[in-house]
Amino acid sequence: MIRPVVEGEFTVAASNSPAYTVPGLTEAEGGEVIERLRLRLHALNDLALTLKHVHWNVVGPHFIAVHEMLDPQVDSVRGMVDATAERIATLGGSPTGTPGALAAERTWEDYSVGRADAIAHLGALDVVYSGIIKDHRAAVAATDGVDPVTQDLLIEHLRSLELFQWFVRAHLESAGGTLSTGAARGEAVAGRVAVQQASRQP
């Protein structure tokens, strides 16, 4: 276990290895779950900020529908952030919610769409939701048999995250059930493809 570094009056943890954890888990198991939750915490904080960014920067004919759709999603994701941070603390870890830690430790690029048409943002958000849902599902699989409480928390998140992605995709879906973004990868590309497809609709 890495020793904390002492600076003045404060102790700065050099790792998320807990000195104790919940009954039934070893400290090593608790540390592994904390490490997985650390990136989930960053991802959820990033998602809440991204959704608010879209809320402020969406324009066009679908502005009000998308603008008003996003605030409840922001509120729900902020609740997920709080629950994730509290689970980290319960496991004996120290949740980090600072912007610097998020930027330094995340494994994805910053959201790349600024002021843009609602359909462009929705195409980009579909990619964002796909990424966070995929990584949440991986964390669910990794906690199976190790920590069912954390697994249950992540599954509960997925219920809402997948619902929110459906809300986004409903704006991108044709009556035949295909997405206007198709197989587009990357936020900016998916946004452009969604706008191009929307412009071709009769």
Quiz item: Roughly speaking, what is the stretch gain from residue 105 to residue 28, that is 0.36 nm per residue apart minus the C-alpha to C-alpha distance, in nm to one decimal?
Solution: 25.6 nm
Quiz item: Under a point spin-label approximation (7 Å from Cα along Cα-to-Cβ), what is the residue 170-residue 185 distance to one decimal in nm?
Solution: 3.0 nm
Exercise. Stick to Cα atoms and the Kirkwood definition of Rh, then tell me Rg/Rh for region 120-178.
Key: 1.10
Practice problem: Please work out which option in [x] 18.5, 60; [y] 15.5, 45; [z] 19.1, 67 gives Rg and Dmax of the Cα atoms in Å calculated from these coordinates, and answer with its label. | Solution: [z]
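Quick note: the coordinates plus some simple rules give every number you see, no bench work behind them. Because the structure is a prediction, the values reported are computed rather than measured. Cβ sites come from the backbone with ideal geometry, for glycine too, and all protein chains shown count toward neighbours.
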